[in-house]
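The values are calculated or read from the model by the stated rules, or taken from the named source; none is laboratory data. As the structure is a computational prediction, the values presented were derived from the model and not from experiment. Don't worry about glycine lacking a Cβ; one is built from the backbone with ideal geometry, like all the others, and counts go over all protein chains shown. Keep in mind that these areas ignore ligands, DNA and RNA; they rest on the heavy atoms of the full protein, side chains included. Shrake-Rupley method; radii C 1.70, N 1.55, O 1.52, S 1.80 Å.
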Amino acid sequence: MGWLRQLFSRRRRFGELSDEIREHLEEKVEELVAGGLSRKEAAEAARREFGNVTLTERDGRAVWRWSWIEDFAADVRYGLRGLRGNPGFTAVAILTLALGIGANASIFTMINGLMIRPLPYPQAERLMQIDRQTKDGPYYGMTLFQFRLYQRQNQSFECLAAYDMLGSGLNLKSGTEPELVQSRRVSADFFRVLGVPPSMGRDFSPDDDRPGAPRVVILSHKVWKSLLGGDPAAIGRPVRMGGENYLVIGVTPDNFRFSRETEAWIPLRMPEDPNNHASAFQVIGRLRAGATRERAKQDLNAASQRIRKDYPGVIDPSEVGTLVTSYQVRVVGDVRGVLLLLAGAVACVLLIAGSNIASLLLARAVHRRKEIAIRTALGVGRARLIRQLLTESTLLSFAGAAAGLLVSRWCVRLFLALAPDSTPHVPGVVIDSHVLLFTVTLAILTGLIFGAAPAWQLGRLNSAEVLREAGRTTAGAATGRMQGYLVSLQISLATILLLGAGLLLSSFVRLMHVDPGFDPRQVLTLKTSLVGPSFSSSARIDDAARRVVSRLQALPGVQAAAAGTLLPTQASLQVSVELPSLPAANRPAEDAATQWRAISPAYFDVLRIPLLQGRSFSERDAAGAAPVTIVNQAFLREYFSHANGIGQQVLVGRREGPQFADSAREIVGVTADTRETGLEEAPVPAVFIPLAQVPDSFMLFLNDLLPMNWLVRVSGDPLAFSRPVHQEMLGVDPDLVTSNPQSLEQVLSFSLAQQKMQTALLGFFSATALLLGALGLYGVLAYSVAERKQEFGIRAALGASPANVRWMVLRESSRLAIWGSAAGLVVALLLGRPLRDFLFGITPADPGVYASVVVTLTIVVFVASYLPARRATKIDPIVALRNDG
């Protein structure tokens, strides 16, 4: 254990070594004095004979173990003293690095929370999402019968579970007024697949999931606390939900989350009907220990072949296989592409910040030439010198990283504030040990990489030549070229980011100006659940809708009201379509489909959608009346080639199964196109059905799948009417509990949340990059002017005008900017393809955006160059020549 004693007694041993050397020198001095020399001459002779005391001490210490610890500590102390002695340089460097490292740490925090950090389920890496692969691409949904067959025939999964895609919610009555609880129907193995059993009570059993089984529910911890008072005795008691009694059998753990809104889980309790082709369920599974995703896919594909043989017609003819995807990948969804885009942007920001630091260190290196030369003359080796300089640059990067963590916290808050509601797993977005490790690693790499050029330059100095230099030291040509390259790199990277931000901004502006086909101003939207005996038929729902509309229109300030299965721009159900009145040769293909919406009569009036042909729905389109439908222009273009469709017959839903099959309907009207599936999507064929004429079996299916949406056009602020509308609807039926009141303009804005987020963040990072690039250009030019002060003084003395001197500086900046921006434009053109998926209405090579970026760069470069150029014209020739002569 001698090494341990050496480690903790180093200072004492170093002192003993110094004392021993001093005693040796004293003995030699006494010996020489005894030989007749004076004490002064003896001391000099003894030191000459002994050699460099400092080097001898260093070599002696190196014999002991752990000398590198002392050397490293000395390097750190020396570096801190140097940085403390130059506070201006240190502050600028730390701030620059804080922006670069902080931006990267913030995006990594998001990537870590959403893509790297496991989902909050045991062995979450074994959770897989199972979807159908069709000829046209992935189809995210499966029929219940197909799921049951996979459940019985799979060999790679411990268990499979299905859950409905949306869920309409249930009204839970625990007090005087029911409250809407967001519910989700799930198969019995749902919690076993996730590996999270209820914290109280029991899990679902297979018997709970059979048709006709008693109604049971597992509640979230939040609902149990807020609506049931956190009473443990509530488990085993019935609660009134959706007009029916449900037995509470369990409560989920407090930290359990599955999607943002789910608060209650109920069994499917649905029969296995091979004729039900509604693909309304998502399927997840937990792999067996040792099973792989590829093996699971092969097993399911084999099961598909058996199902095709044993149950013809169950699997859609367009289906070519199954998709088995990591559940975490499916949860992240579209956010993955945005995060990778932003990761590339912040990497550019860090490169610009690092280049700035390298340029500052190069400038500082010129003024440290004599200091380094003296240290070299005193015996400091090149390796030790380079290590010292890299230690200083790494100290700077660590300080920048510490400040960057503060910046990253602000950036993460900005990201979460801009993130759309669909952003998953937000509680996992925290600065944890992974983020700290990433930041430390980034700080080390930044310090070593961007400190390498100045360290290499100073490490190869010829100390003898430097010490012989007279007057002020100046930068060499190599330093000037290196600084120029760094500035050009910064401008190039800033150009790339500006082009990306400009393209996204232009795309977002075009998206904002898209005509949705309806008027969203002054329209209030609300949701209600129609699950329960009160809404067991289309006639009952239509009657409730009529009474609601009548009461709402009596409210002061309400102009019109209507109901619909889904709001505009929210993709509705896609159902099969047949046109029996057309000649056989002109009929749609078997896989033809259309968007389907059930609406009340005033729907088009509330949204102010123009009726182009025929008539709108009215009170006479009741349950017993002739079946009718209204289609949009896109439907006519797709199936009737712009011909007049009034009077034609339409059949929808037969391919989904008998319970969805509708009667042949006559087209009685044609409306203008609206953006049914989103502002970024072109209008698609759509049919509109009166609420009263929806088949009861179809309506019951919809009630479990979707909430009903209500639209109220008002005079004034829509949200101010949410409470009066809520009270009027409760007056019609106590189960008509409204939730999620929003203006229709808010709905449109939320649909653009992801585009808004990526545009805002990339714009912020681009502005940061441009600022850092401008500061880098300014710093290099200001340093160049200071170094060339004598030259400018001589030129002025020889008659050069201020304009000539100014042009010399601006020409240098223009050269750097032109080379940098040209390289950036070329690289941006080459990288335009990955950005194509994020754009709307423009191409990655949009000339308007490129011209705007060039103009912006020109202005910024001129502003950054003007102050150094102006300073060059103010140099007094006499002062410059006197100081540098």
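Tabulated results
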{"item": "Angle between the chain longest axis and helix 144-153 axis [Cα atoms, degrees, rounded to 10]", "result": "60 degrees"}
{"item": "Gyration tensor verdict on the range 651-738 (Cα atoms; rounded if a/c is under 1.5, prolate if a/b is larger than b/c, oblate otherwise)", "result": "oblate"}
{"item": "The chain: angle of helix 67-84 to the longest principal axis, Cα-based, in degrees nearest 10", "result": "80 degrees"}
{"item": "Tensor-based shape of the range 263-341 (alpha-carbon gyration tensor, a/c under 1.5 rounded, otherwise prolate or oblate)", "result": "prolate"}
{"item": "I818-E23 pseudo-label distance in nm [points 7 Å out on the Cα-to-Cβ vector]", "result": "7.4 nm"}
{"item": "Given charges at beta-carbon only (K, R positive; D, E negative), |dipole| of the chain in Debye", "result": "2900 debye"}
{"item": "Accessible carbon and sulfur surface of the chain relative to its total accessible area, %, 1.4 Å", "result": "57 percent"}
{"item": "Computed [θ] at 222 nm, helices only, for the chain once each DSSP H run of length n ≥ 4 contributes -39500 (n - 2.57)", "result": "-17000 deg cm²/dmol"}
{"item": "Per-residue HN-Hα couplings for the range 324-332 [Karplus 6.51, -1.76, 1.60; θ = phi - 60°; Hz; x = Gly/Pro]", "result": "10, 10, 3, 4, 5, 5, 5, 5, 5"}
{"item": "The range 646-795 - charge dipole about Cα centre, Lys and Arg +1 at Cβ, Asp and Glu -1, debye rounded to 20", "result": "880 debye"}
{"item": "Label-point separation in nm, R615 to L831, each point 7 Å along Cα→Cβ", "result": "6.1 nm"}
{"item": "Interchain or long-range residues, amide H under 5 Å from N632's placed H", "result": "T671, A686"}
{"item": "Cleavage-rule hits (trypsin sites (Lys or Arg not before Pro)) in the range 211-262: DSSP loop, at most 13 neighbouring Cβ within 10 angstrom", "result": "R260"}
{"item": "Crossing angle, helix 382-418 versus the chain [Cα axis fit, 0-90 degrees, rounded to tens]", "result": "20 degrees"}
{"item": "Mean Cβ count within 10 Å, highest first, over the residues of peptides 511-521, 31-41", "result": "511-521, 31-41"}
{"item": "Karplus-derived HN-Hα couplings along the range 504-520 (A = 6.51, B = -1.76, C = 1.60, θ = phi - 60°), whole Hz, x at Gly and Pro", "result": "5, 5, 4, 5, 5, 4, 4, 5, 5, 9, 5, 7, x, x, 9, 9, x"}
{"item": "The range 618-748, relative contact order in percent, only Cα pairs under 8 angstrom and at least six apart counted", "result": "24 percent"}
{"item": "Positive dipole terminus of the chain, leading residue within N154, P601, A661 (C-beta point charges)", "result": "N154"}
{"item": "Principal axis box of the range 547-704, alpha-carbon based, largest edge first, Å", "result": "54, 31, 29"}
{"item": "Distant-in-sequence amide H partners of M200 (H built 1.01 Å from N, under 5 Å)", "result": "V251"}
{"item": "For the chain: rounded, prolate or oblate by the Cα gyration tensor [a/c cutoff 1.5]", "result": "prolate"}
{"item": "Lysine pair number, Cα distance threshold 27 Å (strictly under), the chain, separation 8 or more or different chains", "result": "12"}
{"item": "For the range 210-295: accessible area per residue (Å², 1.4 Å)", "result": "47 Å²"}
{"item": "From phi via Karplus (6.51, -1.76, 1.60), per-residue ³J(HN,Hα) for the range 266-282 in Hz, x at Gly/Pro", "result": "10, x, 5, 6, 10, x, 7, 10, x, 8, 8, 9, 6, 8, 10, 10, 8"}
{"item": "Principal axis dimensions, the range 73-231 - Cα atoms, whole angstrom, descending", "result": "81, 52, 33"}
{"item": "Per-peptide average of other Cβ atoms within 10 Å, ordering 540-549, 841-850 highest first", "result": "540-549, 841-850"}
